[in-house]
1. At 0.36 nm per residue, minus the direct Cα-Cα distance, what do Ser55 and Tyr81 gain on full extension? Give it in nm, one decimal, please.
2. Quick check: residue separation of Phe34 and Leu110 times 0.36 nm, minus the Cα distance between them. What number comes out in nm?
Amino acid sequence: MLRDGYKIYEGLINRFKRIYYHLEHLEEQKTLLFIFGISLFIRILYIIIFPTIPSSDAAAYDALAIGLMKGEGYGGGTSSYWPPGQPFFLAVIYIFFGYNPQIAYVFEALILGGVYETVRIF
């Protein structure tokens, strides 16, 4: 049994060595793009595997977005505690894709990756 674990470990090490070898021979730009793609893939995979229900501030943003989506406007007495950017962003996503917080999380992961790439370029 220990021997099988060693084979698995050895196989993983060899895979990482091959990946490192390929990364070493790529240009820096391609390497960073590859790393960005892998990190984005991991974020989206996490969102799919571990779906979450909005809580705390996220629940407030979600409720405000649902109100906007239904045409009730931005408010409800507590709107001054939360800036309108996130609820409006969520409302647009909910209008186009239906109510699904996981889709909003995917869009947020894409935007975060885009911001990272923009900052890295400049």
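None of the figures in this text is laboratory data; all of them are computed from the coordinates on show. Every value quoted in this text rests on a predicted model; they were computed, and no experiment measured them.
1. On the way: separation 26, 0.36 × 26 = 9.36 nm, distance 1.55 nm.
Going from the current span to full extension adds 7.8 nm.
2. Numbers: separation 76, 0.36 × 76 = 27.36 nm, distance 1.49 nm.
Contour length minus Cα-Cα distance gives 25.9 nm.
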